[in-house]
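The values are calculated or read from the model by the stated rules, or taken from the named source; none is laboratory data. None of these values were measured; they are calculated from a predicted model. Counting neighbours? That spans all protein chains shown, and the Cβs are built from the backbone with ideal geometry, glycine included. SASA here: full protein model, heavy atoms, side chains in, ligands and nucleic acids out. Shrake-Rupley method; radii C 1.70, N 1.55, O 1.52, S 1.80 Å.
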Amino acid sequence: MSQFYFDTEKTGHKRFELPGAKPHYNPDRPGQVEHIFLDISLDIPAQKCYGSCNIRLLPVRNGIELLTLDAVNLKIEAVQVNEVVEKFEYDGEQLCINLSQPTEIGHRLLIAIAYSAEKPQRGIYFIQPDKHYPEKPTQVWTQGEDEDSRYWFPCFDYPGQLSTSEIRVRVPQPLVAISNGELVDTIAEAKHTTYHWSQQQVHPTYLMTLAVGDFAEIRDEWHGKPVTYYVEKGREADAKRSMGKTPQMIEFLSEKYGYPYAFPKYAQVCVDDFIFGGMENTSTTLLTDRCLLDERAILDNRNTESLVVHELAHQWFGDLVVIKHWSHAWIKEGMASYSEVMWTEREYGNQEAAYYRLSEARSYFNEDSSRYRRPMVTHVYREAIELYDRHIYEKGSCVYHMIRAELGDELFWQAVQTFVQDNAHQTVETIDLLRAIEKATGRNLAFLFDQYVYRGGHPDFKVAYSWDNDANLAKVTVTQTQAKAESKDLFNLKIPIGFGYKKNPQLINFTVRIHEKEQSFYFPLSQKPDFISFDVGNNYLKTVTLEYPISELKAQLEFDLDPISRIYAAEALAKKGGLEATQALSLALKNDSFWGVRVEVVKQLAEVQLDQAFDGLVAGLNDPSPFVRRAVIGALSQIKTHNSYKAVKGFVQDGDASYYVEAAACRTVGAIAAAHLEDKPHEDKVIKLLKSVLEERAGWNEVVRSGAVAGLSEFKSSEAALNLLLEYTKIGIPQPLRLSAIRALGKISTGQTPANIERILDRLSEIARETFFLTQVAVLTALGQMETPKAIGILQSLANQTADGRVRRYAEEEVSKVQKNIGTDKTLKQLREELDQIKQQNQELKSRLENLEAKSK
Ligand SMILES: [Zn+2]
């Protein structure tokens, strides 16, 4: 019975469903929408969109007298049906049209609605320069997903309705308007231009879009189809650098999905102040202009490439094959996130792909343990936007990978291709994916979906190993630690276990069924293996804790071909601690061929409470990979010594090839200096250094200056640092930097005087009145780190006033964080600090002892 599966309270996880959550269903359909034609004009200074919305509907049954459309805060002027004026009622959310002629099957209705939207809160966004930001471009763009198209035109606004669409829009010169499908006509007047776009393949209302601006157009192509990049003028080189792989990606995905790109063109428009990373509107993706990379940023920024392939993958998963209801959004978001893994595999190889997958898994684990646990498919929520979390994206991606591992490459792609081909230009639910897999391969993967899709959670494995020399037997004991007493929390999976030898990279594999709370397996081997590889290939979504002897862990870190296994070995080694483990980790940092493993080794070295770990880490500062240098500098912030400071300071003063490395260095020098409160002159010196960064290093997306802001936020008891941060929260400061400064107020607040805390609260409540999504989120993040009940008041008023479901949800979650912060009382904090000091002394003693022991050997 599924009810029990959905009961997540007992496992100690918070519930996904907030108070007021209820089941959501698609509405009854009066008929099939065949075509939507928007004929509109934009008055940009007035933030107004007006004109007519024309919907052609084929009724499914006779006798319908009332049509109900979604339309929020519009002004409805008049309604005609088949050119006859009809009565209507409008309550600001739904438009009810009374049909004087009840419907008849086969007799189409042409609904024409004259309307306008003025200063809409959502759906369509007007961006303009103002006195604080005179450089801001003039742009208009839309964002329909999930239920926001109704804020800019009346429609049957749910993904179950697919139709063709057409947008004719009149805009002031010199602006251009880009929309779905093909440009069929342009009409120039004296001061205006009308652009007429037509999308002839069916799609849902949430994918209809409009992007207007004075864009530069960069033309590329794929098999004769136009591939265009639209960016603000002056950023043409960044556009090519950031999106230039698009034609190769179209080729790659067309082949993998077994369906050539379905639409007449592919445009990507980079817009200002976008509230998501990207949005896969049919044939016309919108991207945040912050994804545009300059020459330095491309060095260690893979996010843009991932974003570009993610939105492109949606052109198949989401746009060509459309989800019937939001509860099945994991089908498209999981696959779009998995396309990032696929592309990484093709472009950068298997190790990078495996590491990308691990990062996705971790991002989901994080949400699972800190926010809530839920089934990937659920229709119980307050607003559909709440579903767009790390369960459907990152966990969804991991589930696609498990399907691939379960079927093998050949059958997996056959199944995916069958799914796409059978459902092109139609809507799907999760069951359709299972059916396509069964049709294409004969395999029934219901067991996998039951465990990973229809219920929350994942297995947490503890794996112990020992060798019986007399019998030549390897004993492996696997415990599912996530399962309490009840068997419903147990997973039932077939998992390969491999044994490896230093001189032979090929593992000897055995597959076992793991289904009990604890199971021991015995494997006869001709000789003692050097290491053990649990879940060969690391295909299953899981966590593991390895309890192997130190020599097996060292061998695995050095010889296992799977980077994820090497990372698990590094984690287990760090837990063991001691000089031998530290040396093995230091060696791996020097020698491992893959930067991803080196990054993870760095993190583990920072966890080892031995001074010798510092020597190993510092060597990594010269690593050729910027990812590793950044990790080392981040790790050194945990080792708050003068030597750490000396090692990092140069990266602040002299810089690095990578923006992110420089930013990390700014943060770390702050963290180290702030830990030595007795040394006031040094503190002043570092604050001055960070101030000089703020004054001199403006640049790409303000990454470096945001690092300086983070560094300043470490000085929790410094009024000088606080004053500096407050300066950068002022309106007029470049937005990415200002957002960082707003967020930093939360962290710095925790050591400030009551009077200064009041100043922080005043500033945050003032900023909270701004309606821009990213500003509101920054305010929420800051408030959530504070330790005063007054933060709760501001959070609650934000939750009550916002028009955004995401902001509402975050605000409520931050309230419980603040409550928790307050609960941790002062004496406990003091005890923790004292404990930290004792640990530090203990570490010094231990390090000396280890050295003595090493010498005496
Ligand atoms: Zn997506």
How many percent of the accessible area of region 770-844 is carbon or sulfur, using a 1.4 Å probe?
51
Give the residue from TRP197, VAL601, PHE252 lying farthest towards the positive end of the charge dipole for the chain; charges sit on Cβ (+1 for Lys and Arg, -1 for Asp and Glu) and the dipole is referred to the Cα centre.
VAL601
log₁₀ I(q)/I(0) of the chain at q = 0.06, 0.08, 0.10 Å⁻¹, via Debye over equal Cα point scatterers, no solvent, to two decimals?
-0.45, -0.81, -1.26
Between ALA720 and GLU347, the FRET efficiency computed from the C-beta separation at R0 = 45 Å comes out, to the nearest 0.05, as 0.45
First compute the accessible area of region 468-601 with a 1.4 Å probe, then give the percent of it belonging to carbon and sulfur atoms.
50
Once the Cα atoms of helix 409-423 and of the chain are each reduced to a long axis, what angle between those two axes, in degrees from 0 to 90 to the nearest 10, is obtained?
20
Dipole magnitude (debye, nearest 20) for region 124-217, charges at Cβ of Lys, Arg, Asp, Glu:
300
Using the Cα gyration tensor of region 328-468, with a ≥ b ≥ c the square roots of its eigenvalues, what is the shape: rounded (a/c below 1.5), prolate (a/b larger than b/c) or oblate (neither)?
rounded
What's the extension gain from GLU727 to LEU183 if we count 0.36 nm per residue and subtract their Cα-Cα distance?
191.1 nm
Projected onto the charge dipole of region 9-61 (+1 at Lys/Arg Cβ, -1 at Asp/Glu Cβ, origin at the Cα centre), which of ASN26, ASN54, LEU38 gives the Cα projection farthest towards the positive end?
ASN26
Measure out, as a whole number of angstrom, how far apart the alpha-carbon centroids of region 495-567 and region 601-628 sit.
26
Give the angle, between 0 and 90 degrees and rounded to the nearest 10, that separates the Cα long axis of helix 430-441 from the longest principal axis of the Cα atoms of the chain.
70
Helix 350-370: angle to the longest alpha-carbon principal axis of the chain, degrees 0 to 90, nearest 10?
80
Treating only the Cβ of Lys, Arg, Asp and Glu as charged (+1, +1, -1, -1), what charge dipole size does the chain show about its Cα centre? Round to the nearest 20 debye.
1740
Net charge (Lys, Arg +1; Asp, Glu -1) of residues whose beta-carbon lies under 12 Å from that of LEU58, LEU58 excluded, is +2
With the charge dipole of region 261-412 built from beta-carbon charges (+1 for Lys and Arg, -1 for Asp and Glu) about the Cα centre, the Cα from ALA297, PRO375, VAL399 projecting farthest to the positive end belongs to PRO375
Considering only the other residues whose Cβ falls under 9 Å of the Cβ of LEU589, what net charge follows from Lys and Arg at +1 and Asp and Glu at -1?
0
Between region 80-144 and region 771-834, how far is it from one alpha carbon centroid to the other, in angstrom?
36
Pull out the extension gain between ALA657 and SER466, defined as 0.36 nm times the separation in residues minus the alpha carbon to alpha carbon distance; nm, one decimal.
64.1 nm
Find the accessible area per residue for the chain; the probe is 1.4 Å, ligands and nucleic acids are left out, and the unit is Å².
42
In whole percent, the fraction of accessible protein surface over region 182-285 that belongs to carbon or sulfur atoms, probe radius 1.4 Å, stands at 50
Let me make sure I get this right: for region 434-509, a, b and c are the square roots of the gyration tensor eigenvalues over alpha carbons, sorted descending. Under 1.5 in a/c it's rounded, otherwise prolate if a/b > b/c, else oblate. Which is it?
oblate
Taking a ≥ b ≥ c as the square roots of the eigenvalues of the Cα gyration tensor, with a/c under 1.5 meaning rounded and otherwise prolate when a/b exceeds b/c and oblate if not, region 543-626 is oblate
If the chain between ARG29 and LEU831 were fully stretched, how many nm would it gain, using 0.36 nm times the residue separation less the Cα-Cα distance?
282.4 nm
Just to confirm a number: summing +1 for Lys and Arg and -1 for Asp and Glu over residues other than ASP70 whose beta-carbon lies under 13 angstrom from that of ASP70, what do you get?
-4
Given a Förster distance of 22 Å, report the FRET efficiency between ALA46 and GLU135 from their Cβ-Cβ distance, rounded to the nearest 0.05.
0.50
Mean separation of Cα contacts under 8 Å, 6 or more apart, over the residue count of region 231-330: relative contact order %:
30
In nm, spacing of pseudo-spin labels at GLN841 and ARG382 (7 Å Cα→C-beta vector):
4.9
Label-point separation, LYS119 to GLN527 (7 Å along Cα→Cβ), nm
8.1
Site SER593, offset 7 angstrom along Cα→Cβ, radius 13 Å on amide nitrogen, limited to region 336-355, gives 349-352
Determine the relative contact order of the chain: mean sequence separation of Cα pairs under 8 Å and six or more apart, normalised by residue count, in whole percent.
7
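Between ASP679 and ALA237, what's the calculated FRET efficiency when r is the beta-carbon distance and R0 is 51 Å? Round to 0.05.
Taking R0 as 51 Å, the efficiency between ASP679 and ALA237 is 0.65.
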Would you work out the charge dipole size for region 271-363 about its Cα centre, treating the Cβ of every Lys and Arg as +1 and the Cβ of every Asp and Glu as -1, and quote it to the nearest 20 debye?
400
Nearest-5 percent of antiparallel DSSP beta bridges in the chain?
80
